[in-house]
């Protein structure tokens with residue numbers, strides 16, 4: 001693979017960043033994951049908007065403009081001959097520090113921009129095999145601690161959640177908000193279906209998911225009742241269906257949460273319909 005580092009393509013075995021880089025030293029940066037379909041970056045505009053918003057929040061200086069970012073993405077896709085089942089990770093850090101301390105005034109030079117390509121097949125098994133989730137003790141934090149809506153490099157709480165879920169034998173961690181209501185998963189967004197209504201959290205304690213937003217829009221456009229609200233694990237355990245959403249695989253069914261079988265334990269009809277609608281949306285996006 002050819003890795004983009006600050007305007008240059010570098011073979012992956014030669015790709016390097018400084019040990020004084022802000023992302024390495026402190027997790028000081030923001031990132032985006034972009035799916036490649038039909039040789040094109042899906043929903044790139046939305047991802048770049050979120051990246052620029054995060055950069056503004058962190059007051060990163062010298063951030064490349066949208067045209068530069070789009071050209072870099074196109075170059076990485078073309079040079080690596082990416083078509084389908086591919087993914088890009090766009091990482092933007094504050095840059096190299098003179099010393100490994102927190103003060104951003106120690107940075108000299110511009111920010112560091114890295115784009116890493118990868119292959120991630122989205123198979124029928126991934127789209128149909130029910131996932132197992134486990135509710136972890138690690139909570140999503142309030143915005144006055146570390147705003148969960150900021151897609152920063154500092155993901156330690158999600159990593160701790162992932163570790164606990166993995167030890168419990170689950171595929172993904174289900175995380176609660178500070179009040180004990182369901183918030184999101186450690187790397188994807190979480191939905192349930194109750195009485196035919198698609199439900200997800202009110203969004204206060206999770207990233208503004210792009211796939212999550214598309215699913216809600218698809219529900220509204222196709223007459224599928226949907227709501228963003230607080231709900232508890234009791235609602236989850238009694239749900240008819242559950243699924244997760246994310247950039248890499250779109251929608252994936254959930255068959256079990258904390259040892260409780262959700263519905264029939266298989267992909268439900270609402271989940272399947274939304275998968276089809278999302279696939280059609282992707283086709284229109286890359287066709288455009």
**Request:** Determine which single condition residue 83 fails, assuming it passes every other condition in (1) assigned by TED's automatic domain parsing to the domain that holds residue 254; (2) loosely packed, with under 15 Cβ neighbours inside 10 Å; (3) in a loop (DSSP other than H, G, I, E, B).
**Result:** (1)
**Request:** Quickly run through the stretch 106-125 and pick out the residues that are outside any loop (DSSP other than H, G, I, E, B), under 19 Å from the mean Cα position of the chain (by Cα) and surrounded by fewer than 17 Cβ atoms within 10 Å (Cβ to Cβ).
**Result:** 118, 119
**Request:** Kindly indicate whether any position in the stretch 60-68 is part of a helix (DSSP H, G or I) and out of contact with any helix residue (DSSP H, G or I) (no Cβ under 6 Å at 6 or more places or on another chain).
**Result:** yes
**Request:** Can you tell me which residue within the stretch 251-268, out of those that are part of a strand (DSSP E or B) and touching a residue at least 12 places away in the same chain (Cβ under 8 Å), is surrounded by the fewest Cβ atoms within 10 Å (Cβ to Cβ)?
**Result:** 260
**Item:** Restricting the stretch 1-14 to residues that are farther than 16 Å from residue 94 by Cα and surrounded by 16 or more Cβ atoms within 10 Å (Cβ to Cβ), the residue that is farthest from the chain's Cα centre (by Cα)
**Value:** 9
**Message:** For the stretch 2-32, which positions are touching a helix residue (DSSP H, G or I) at 6+ places or on another chain (Cβ under 8 Å) and either part of a strand (DSSP E or B) or in the same structural domain as residue 247 (by TED's automatic domain parsing) (or both)?
**Reply:** 2, 3, 4, 9, 29, 30, 31, 32
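Listed here are the residues, each with its yes/no results for (1) in contact with a helix residue (DSSP H, G or I) (Cβ under 7 Å, 6 or more places away or on another chain); (2) more than 28 Å from residue 49 (Cβ to Cβ); (3) in the same structural domain as residue 257 (by TED's automatic domain parsing).
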| site | (1), (2), (3) |
| --- | --- |
| 112 | yes, no, no |
| 130 | no, yes, yes |
| 142 | no, no, yes |
| 148 | no, no, yes |
| 151 | yes, no, yes |
| 162 | no, no, yes |
| 167 | no, yes, yes |
| 171 | no, yes, yes |
**Complete:** Within the stretch 33-59, restricting to residues that are touching a strand residue (DSSP E or B) at 6+ places or on another chain (Cβ under 9 Å) and part of a loop (DSSP other than H, G, I, E, B), the one that is surrounded by the fewest Cβ atoms within 10 Å (Cβ to Cβ) is 39
**Message:** From the list 212, 220, 273, exactly one residue is touching a strand residue (DSSP E or B) at 6+ places or on another chain (Cβ under 9 Å), surrounded by 14 or more Cβ atoms within 10 Å (Cβ to Cβ) and in the same structural domain as residue 139 (by TED's automatic domain parsing). Which is it?
**Reply:** 212
**Item:** Subset of the stretch 188-203 (residues that are in a loop (DSSP other than H, G, I, E, B), more than 18 Å from residue 46 (Cα to Cα) and in contact (Cβ under 8 Å) with a residue 40 or more places away in the chain)
**Value:** 195, 196
**Request:** Mind listing just one residue for me: the one in the stretch 135-147 that is out of contact with any strand residue (DSSP E or B) (no Cβ under 6 Å at 6 or more places or on another chain) and not in a helix (DSSP H, G or I) and, of those, surrounded by the most Cβ atoms within 10 Å (Cβ to Cβ)?
**Result:** 138
**Prompt:** Is it true that residue 245 is closer than 16 Å to residue 148 by Cα, buried (at least 23 other Cβ atoms within 10 Å of the Cβ) and not assigned by TED's automatic domain parsing to the domain that holds residue 50?
**Reply:** no
**Request:** Working only within the stretch 40-68, note down all residues that are touching a residue at least 24 places away in the same chain (Cβ under 8 Å) and under 27 Å from residue 19 (Cβ atoms).
**Result:** 51, 54, 55, 57, 58, 59, 60, 61, 62, 63, 64
**Prompt:** Looking at residue 88, is it in contact (Cβ under 8 Å) with a residue 40 or more places away in the chain and in contact with a strand residue (DSSP E or B) (Cβ under 6 Å, 6 or more places away or on another chain)?
**Reply:** yes
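The values are calculated or read from the model by the stated rules, or taken from the named source; none is laboratory data. In this text, all values refer to a predicted model and were calculated from it rather than measured experimentally. Methodologically, a virtual Cβ is constructed for each residue, glycine included, from the backbone with ideal geometry; neighbour enumeration extends over all protein chains shown.
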